[in-house]
1. Assuming 0.36 nm per residue, please report the length gained on full extension of the stretch ALA324 to LEU268 beyond their Cα-Cα distance.
2. Below 8 Å between Cα atoms, with a sequence gap of 6+, how large is the relative contact order for segment 84-200 in percent?
3. Taking the Cα centre of segment 139-258 as origin, work out the dipole magnitude from +1 charges on Lys and Arg Cβ and -1 charges on Asp and Glu Cβ, in debye rounded to 20.
4. From the Cα gyration tensor of segment 133-187, with a ≥ b ≥ c the square roots of its eigenvalues, which class applies: rounded if a/c is under 1.5, or else prolate if a/b is larger than b/c, or else oblate?
5. Sorted by average packing, counted as other Cβ atoms within 10 angstrom per residue and highest first, what order do 259-271, 72-84 take?
6. Which one of ALA76, ALA55, LEU106 is farthest out on the positive end of the charge dipole of segment 1-138, using unit charges on Cβ (Lys, Arg +1; Asp, Glu -1) and the Cα centre as origin?
7. Show the residues, 5+ positions off or on another chain, whose built amide H is closer than 5 Å to the amide H of PHE242.
8. Given a 1.4 angstrom probe, I'd like the percentage of the accessible area of segment 121-193 that is carbon and sulfur, rounded to a whole number.
Amino acid sequence: MNTLTAALGTDRVRWLRATLTALVAAAVAVGAPFYFAPFQVFQLTMVLLYAVALAGLNLLVGFGGQISLGHGAFFAAGAYTAAVMLDRYDTGHLATLPAAAAGCFLLGLGFGVPALRLRGLYLALVTLSFAVFLPPLLKRLESVTGGSMGLTVDKLQPPAWSGLAEDQWMYFVVLAVTAVALLLARNLLRSRVGRALLAVRDNESAAEVMGVRLSLHKTLAFAWSAMFAGVAGCLYTWVIGFVSPDSFSFVLSITLLAGLVVGGLASLYGPLLGAAFVMYVPSVSQDLSEAAPGVVFGLLIIIVMFVAPTGLAGLPGRVLGAVARRLHRTAALDGRPGAESDTGAESSVPESAPGAESSVEAGRVPDAEPKSPAESGPSATVTPADPAAVDAEPVGAPPRTEKE
């Protein structure tokens, strides 16, 4: 009963802490656009939409155990779906979001079929090839995509009743979509599909024995991941108002994967931290070195991975664990019996009589009461270490003759 009460108390504390954290984060997120400048609000908006793309990549790489270097291609597909619908067919902005999500879901579903027979570096090479050939393909389809010049579309304008500026309204719209996407990813991972993905990632053979259909869940992992990337690409079109093939090179795919690894694989908060890294670190690198910002960017990645091998999401746990271990070690040393100095330890040993051998040094435990020779018996006799004592006559023995 006590164990059950303690467990319920622990769950309640965790729930209260999670609720308090969510409320504080929501308050900060809602108040941010009223405190920062328009350009900083734009940067926060980009962080949120990158977080949506990394949440999908986290489903595939972090929880699914598959490598993808072509996530930028799905991002571009969602962006161009929204741009073509807005430019060619003059649809509303909100109608482009489900279209981009559904189109990229089907694209990921079809792309996941050949991935069933591939894994590791082979799968990474195939996904990278998808990110490499898509920009030239977009340039060839000039009648639809605008070719190398790209497409310019109208940004999402705030309604009159909101009283918000364009950047603030765009921030709140992207914030709402990001919150829904992260909640969907969280619920998906806690469902049967998420548990199946984890089983496939840990051990495919064991998962198959337990009844998990490997082909189905691997394909669905690509489909869900592509859908999240398509939603992020649609939001990108809303925010930027312009798309071109050069904006979605294979470097974007590598940057997204690096951001996810830095943020933390298989972590619910990793996509947010990785999105901030993707958005702000290139700007910091540009400020530190205008000649070689890529070098600074690479060095920062190396430093972060050296300090936090499990990503930024696991850094607080590592720090708290190290502090707890050090405090425990210090408490153990302070409370250890006999942890005094060597001088104090030696002084605690009682001194023996002059000329007599200490019982501790001789390796013997002194008897509580002295025994007579008859009680001790022959086994109690200790052989002296002095060679001269070997020839000594025993007490009470008759004198030796010369013959003896």
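1. Net length gain for the segment: 17.7 nm.
2. Across segment 84-200, relative contact order equals 19 percent.
3. In debye, rounded to 20, segment 139-258 gives about 480.
4. Oblate, since a/c reaches 1.5 and b/c is not below a/b.
5. 72-84, 259-271
6. ALA55
7. The answer is VAL153.
8. Carbon-and-sulfur percentage of accessible area, whole number: 66.
The values are calculated or read from the model by the stated rules, or taken from the named source; none is laboratory data. Predicted model only: the values in this text are computed from it and were never measured. Here Cβ is always computed from backbone atoms with ideal geometry, including for glycine, and neighbour counts include all displayed protein chains. Keep in mind that these areas ignore ligands, DNA and RNA; they rest on the heavy atoms of the full protein, side chains included. Shrake-Rupley method; radii C 1.70, N 1.55, O 1.52, S 1.80 Å.
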